[in-house]
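Down below is the structure, laid out as structure tokens.
Every number here is computed from the coordinates shown, using simple stated rules; none is lab data. What you see is a predicted model, and the numbers here were worked out from it, not measured in a lab. Glycine also receives a Cβ, built like all others from the backbone with ideal geometry; neighbour counts cover every protein chain displayed.
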Amino acid sequence: MPGAGAPSADLIHQAAQWAAMIDAGDVTESEMAACRAWCAADPQHQALLDRMLGFNDRMAAAPFEKAALHRLLHRRQRRPLLAGAAALPLLVAGIWAAWQVLPLHSLFADYRTAPGEQRVVDLADGSRLTLDTDGAIDVELGQKQRLVQLRQGQILAEVAPARDRPFIVETPEGTATALGTSFTVRREAGGTLVTVVESHVRVCASAPPAHVLPCRDIGPGESVHLSARMVTAPKRVDTARATLWTQGWLEVDDQEVADVLIELNRYRDQPIGFDPSALRGLRVTGSFPLTDTDQALQGLARTARLHVDRDTDGHVAVRPGNAAQKN
């Protein structure tokens, strides 16, 4: 559903009913005709139904979420039609609850990446998006605007010029509209980070108070933090370092070790365990490969004098080297 945003509870309810019936394989001809009419009424109907029916392939990298929806959508298959019909409200409620709690909006996105994966998306207008690890975007190339909704993760947008069709990256906190060619947008726990590589970008908060400037125009080498209420004053950044992730590298300069581990964990299926308080005050400078986070961890451990613990299940944890001497 490019650009449509998260579907409503009512739409989830209707799509889940059709998906459960079709998936069970006991749909009558009249029911199938009604389903086709529902899909024809709105492209969003067909898109959501297709994605519900095809969730197995689209969720291959998310076993927990896949298992949850697998149980929900296949519950009806194990029951006769009449008994299953009575269970449909529970099925729908379960799917809606899962949609709210789990990151399903990202799993159903137009483009997504698994942890450790990066993807280049060439758009029909000539623009190019590089989607970083564990990311998700929806794309809508309309006649009046080009809209990218960043659900999670970060992107590098290299924008093809089109004055009459602005290129906009949207997050819950606001928008970044390209006034030129190249910029990055990153979703973070506290908001959105926008960095301009080339030309200019207009960054606007989604719900600023009346006394706060809603938008800022920033230029090459400038970065701002965006919340729903405001856009911070721009800071100078090294654009080469800010986009080094697109080449598979993380470069840090006098950064807290805990922050480096948090960043490396974005690229791992199984996170590295650590106690932030035990690592407080430990800082590091260096370059670490994002395409091989085990190698990156070895380098980080040597540089910061960390001890790496591994158990038989493959779990990895780090602690200060001096802690190893005490144990």
Here the alpha-carbon Rg of the stretch 248-326 over 2.2 N^0.38 Å rounds to 1.01
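Do you know the relative contact order of the stretch 111-241, to the nearest whole percent, from alpha carbon pairs under 8 angstrom that are 6+ apart?
Normalised by residue count, the contact order of the stretch 111-241 is 16 percent.
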Distance in nm between label sites at residue 305 and residue 165, each 7 Å beyond Cα in the beta-carbon direction? 5.8
What are the trypsin sites (Lys or Arg not before Pro) within the stretch 203-267 that DSSP puts in a loop, where the Cβ has at most 10 other Cβ atoms within 10 Å? none
With a Förster radius of 22 Å, plug the Cβ-Cβ distance of residue 282 and residue 235 into 1/(1 + (r/R0)^6) and report the FRET value to the nearest 0.05. 0.35
At q = 0.11 Å⁻¹, what is the log10 ratio I(q)/I(0) for the stretch 111-241, with the Debye formula run over Cα points and no solvent? -0.34
Average Cα contact separation per residue, the stretch 157-214, under 8 Å, 6 or more apart, as relative contact order %: 31
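Using just the Cα positions, wrap the stretch 206-246 in a convex hull and report its mean projected area in square nanometres, one decimal place.
3.4
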Tell me, what is the FRET efficiency for residue 41 and residue 294 to the nearest 0.05, using R0 = 56 angstrom and their Cβ-Cβ distance as r? 0.65
What number does the stretch 218-273 give for Rg over Rh if you use C-alpha atoms and the Kirkwood radius? 1.04
About the Cα centre, and with charges only on the beta carbon of Lys, Arg (+1) and Asp, Glu (-1), how big is the dipole of the stretch 111-241? Nearest 20 debye, please. 260
